[in-house]
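Notes to accompany the following structure.
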Amino acid sequence: MVEDAHEAHAKVMVVEDDPEVSRAIARKLGGDGYDLELTDDPKVVLARLDAGDAEWDVMILDVGLPGMSGIDVLHRFREAGSVVSVLMLTGDNTATTATECMRAGAFYYLTKPFRPFELASMVESAARYARLRRQLHEKKRAALDDTTDPLLVGTSAPMRKMRAAIARLANQDVSVLIQGESGTGKELVARALHERGPRREHRFVALNCGAIPESLIDSELFGHAKGAFTGATTDRAGVFVEADGGTLFLDEIGDMPLGVQARLLRVLQESEVRPVGASGVRKVDVRVIAATHVELNTAVTEGRFRQDLFYRLNVVVMPVPPLRERLDDLPLLAGHFLRKHTARGERGAPATVLAPETLEAMAAYHWPGNVRELENALLHAVALHHGETIRPEALPFHATGRVKGTLPMPVVKGENEEELPLTEAKRRAMTKYEHDYLVRVMERAKGSVSEAARLSGLDRTNFRRLLQRHGIDPTTYK
């Protein structure tokens, strides 16, 4: 087959200190047309890795090498983000060794002595896998570098500064605290850090700490054992285990309960988790990126956030600019979302554009919901506009001028309350009462959504939805 012939020219590095085994490998793979290199010194391949000259498709790596474990070599390649497929050779035919090899990131392992055709089959599969991974990396990098990306689009100074920060921090395996208002794209920043870093081969797992009931957050974070509590019918891995080797994004970290904060701190310090109801612990290797829309310094001062956890997470702070500070990017962002939401139309249909006065109206708006609100506003406009041009009246009511704070209650002229049907009169009265109540509780909480939610007896997520429904901007009350 053409594909098999193509794979036969793959580059293979053999790291084996047994001359007889090396010769057997060379005879088989050399005869099959592979481009071979052989060494018995692991320091040689590590030096090539450090020099950026380790572009092999497959590496055949002995576990028991002189002066260094093959698994340690494998760890170094994975930490560097190498896409080489590694086949481990071991004379120790135990489940422990096999598990250790696979958890370290090996493509597969072979036990000595092995059959030549078995080795050749594994090398062929490993080479094909390496090529696919390399192609996938190229596509991911192209996607991240695309100027139509909803996070990185824009030429404003704040966006150029943020792109530069992402480029610097992606390969530094340090904790990052992303700060920004709701809707600015904090999770997209975290994903960019993950995709451009050495952990991109492993999972990116996101958890919104403010959207999970306090009674369940331990289980979500650390997992639980079967029977740990009512309803725990099976073992469950938490997000730390799910993200092992990769990146864990903890969104709205400022909403995490104090008791859970203490247990999270221990996991970060010890790199091990104990599932709820379990007797043992499990080691994990996770890069933690946290995000918050509140000032954690203030939360620490008020006793709502642990100071030691704050210092652990606050190694590097990355601010995400609100949309009102990067209005120069508004036309580019609007164009991106228009293309996104009109792509489902008929093929060959004229492109949807914004009228100049529509852009002016959008530029005059405060955008408390930031880029997320912009996308929703344009989705609303696309659904309501007629023709090829979106006029200002197609935008949501609250996006047609500069508005900060709350929306005025709707007034219908010429209608007295007693002239309305009872159900409509009750609906309007309840809407007004709910609006006024939210304003009062936000004033009492001095703009803190978490505190206002607590005072109202609602969870934070539902409370924020109510604020958005009534057009109430929390920053007005700070």
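Would you work out if the range 2-142 is rounded, prolate or oblate? Take a ≥ b ≥ c from the square roots of the eigenvalues of the alpha-carbon gyration tensor; rounded if a/c is under 1.5, else prolate when a/b is larger than b/c, oblate otherwise.
Taking the square roots of the gyration eigenvalues as a ≥ b ≥ c, the range 2-142 is rounded.
For H386 and A364, what does the FRET efficiency come to when R0 = 22 Å and r is the distance between their Cβ atoms, rounded to the nearest 0.05?
Here the calculated transfer efficiency is 0.40.
So, R0 is 41 Å and r is the distance between the beta-carbons of A262 and R324; what FRET efficiency does that work out to, to 0.05?
0.65
Which ³J(HN,Hα) values in Hz, rounded to whole numbers, follow from the phi angles of the range 230-242 under the Karplus curve 6.51 cos²θ - 1.76 cosθ + 1.60, where θ = phi - 60° and Gly and Pro get x?
4, x, 7, 7, 9, 5, 9, 7, x, 5, 5, 5, 4
Considering only the range 208-356, what is the antiparallel percent among its DSSP beta bridges, to the nearest 5?
35
Express as a percent, rounded to the nearest 5, the fraction of DSSP beta bridges in the chain (both residues included) that run antiparallel.
About 10 percent, rounded to the nearest 5.
Among the listed pairs K112/K226; K11/K112; K43/K283; K43/K112, which are separated by more than 29 Å between their Cα atoms?
From K112/K226; K11/K112; K43/K283; K43/K112, over 29 Å: K112/K226.
Considering the values (i) 1.07; (ii) 0.96; (iii) 0.99, which represents Rg/Rh (Cα atoms, Kirkwood Rh) as calculated for the structure under consideration?
Checking each listed value against the structure points to (i).
State, as an integer percentage, the relative contact order of the chain based on alpha-carbon contacts under 8 Å between residues 6 or more apart.
Answer for the chain is 11 percent.
Enumerate the amide H contacts of V276 below 5 Å, restricted to partners 5 or more residues apart or on another chain; note that Pro and chain-start residues carry no placed amide H.
Amide H neighbours of V276: G223, H224, A225.
What translational D, rounded to a whole number of µm²/s, comes out for the range 185-234 from Stokes-Einstein when the hydrodynamic radius is the Kirkwood one over Cα pairs, at 20 °C and 1.002 mPa s?
Reported coefficient: 162 µm²/s.
Search the structure for amide H atoms under 5 Å from the amide H of L110, placed 1.01 Å from N in the peptide plane, and list their residues when 5 or more places away or on another chain.
M88, L89, T90
Excluding A445 itself, what net charge comes from residues whose Cβ is under 11 Å from its Cβ, given Lys and Arg +1 and Asp and Glu -1?
Result for the neighbourhood of A445: +3.
Coordinate-derived values only; no laboratory data. Values in this document were obtained by computation on a predicted structure and should not be read as measured data. Neighbour counts are summed over all protein chains in view; Cβ atoms, including those assigned to glycine, are modelled from backbone coordinates with ideal geometry.
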